[in-house]
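A.B. asks: Have a look at this one.
The values are calculated or read from the model by the stated rules, or taken from the named source; none is laboratory data. Values in this document were obtained by computation on a predicted structure and should not be read as measured data. Virtual Cβ from ideal backbone geometry, glycine too; neighbours counted across all protein chains shown. Ligands, DNA and RNA are excluded from the accessible area calculation, which covers all protein heavy atoms including side chains. Shrake-Rupley method; radii C 1.70, N 1.55, O 1.52, S 1.80 Å.
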Amino acid sequence: MTYRELLKTVDTEKALSLIGIEFESQGGYAKFACPQPDCESKAAIKEYGDKKNLYYCPKCKSSGHIISLVMRTKGIDWNAANDLLSKAHNNTAKRITEELNINYELFYNDFIKAKGIEEEMCKLLEIGVPKGKTMLAGSVAFAVRDAKGMKVAYYGIKMKDGKPVFHNTFNPEFYLYNFCNIDFSEPVCFTTDIFRCVYNIENGRQCVCNFGLPYLSDAQLNLLHTVDHVIFLVEEPLVKPLAIQMAENKMNYFRFE
Ligand SMILES: [Zn+2]
């Protein structure tokens, strides 16, 4: 994807949340504190249309785009910024209403073993490396079920670089991995790392996962709303944004571990 394409596909508000920038949305623009160190004015970034994801500060005249803003805010290089922004893509896929009619032949291997996950658990949850030429070749594939237990997709993690791979008919925002197996009377752990999720299940804890998104989508918040006690197992940078999301949505008891 070229950077121009990236600018078109990235959801501005999601991207700003992702890098921890507070903003106010106003008529197609998001206003945020100007990134220029000696400027105390507000810059505006366009959320739609031609100049989408380009920003400008009317006071100090500094300008740029969402990628340079991510690089600057996070102190990371171009490639790392692109990777991060790939998590803020618009995904227009709808909720899946029919059971997936693909069944991969899945294999257990040393890569999965090194994650501390046993073969029995892989059989139970339909996890493994698919045989043959599929989009998920070279990945560990996880069968994804909706809240009622219907299989809707496979979600893959590439063994080479840990990047996610899945068909564009699947929108991870609509689901929480393993949610269909939850006993609501017991505490439920939450993690963004699907391997960690399975590892916890294997070790006797209930666990769900949001497929590596750095935030909770509305649908995921709705699912968590039905849980009395949520334990977050997440990395430090996500603690504050998730705590804010949970508090703003008046969630039941939750804590971080
Ligand atoms: Zn400025």
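A.B. asks: Go through the residues of the range 69-77 one by one and say whether even a single one is over 20 Å from the mean Cα position of the chain (by Cα), at positive phi and open to solvent by 20 Å² or more (accessible area, probe 1.4 Å).
C.D. replies: yes
A.B. asks: For the range 104-112, does any single residue satisfy the condition of being part of a helix (DSSP H, G or I) and touching a Leu at 6+ places or on another chain (Cβ under 6 Å)?
C.D. replies: So far as the range 104-112 goes, no, none of its residues is part of a helix (DSSP H, G or I) and touching a Leu at 6+ places or on another chain (Cβ under 6 Å).
A.B. asks: Here are some conditions: (1) without any contact (Cβ under 8 Å) to a residue 60 or more places away in the chain; (2) open to solvent by less than 20 Å² (accessible area, probe 1.4 Å); (3) of a type outside the set (Ser, Thr, Tyr). Residue 7 meets all but one. Which one does it not meet?
C.D. replies: (1)
A.B. asks: Further question: Specify the residue that is most open to solvent (accessible area, probe 1.4 Å); the eligible residues are those in the range 128-142 that are in a strand (DSSP E or B) and within 13 Å of residue 160 (Cβ to Cβ).
C.D. replies: Filtering first and then ranking leaves 129.
A.B. asks: Could you check the range 205-235 and list, in sequence order, the residues that are part of a loop (DSSP other than H, G, I, E, B) and more than 15 Å from residue 18 (Cβ to Cβ)?
C.D. replies: Correct list: 205, 206, 226, 227, 228, 233.
A.B. asks: Output the residue which, of all residues in the range 33-47 that are in contact (Cβ under 8 Å) with a residue 24 or more places away in the chain and open to solvent by 30 Å² or more (accessible area, probe 1.4 Å), is nearest to the ligand (Cβ to nearest atom).
C.D. replies: The extreme case among them is 36.
A.B. asks: Against the definition (open to solvent by 30 Å² or more (accessible area, probe 1.4 Å), at pLDDT below 95 and not β-branched (Val, Ile, Thr)), how does residue 172 come out, yes or no?
C.D. replies: no
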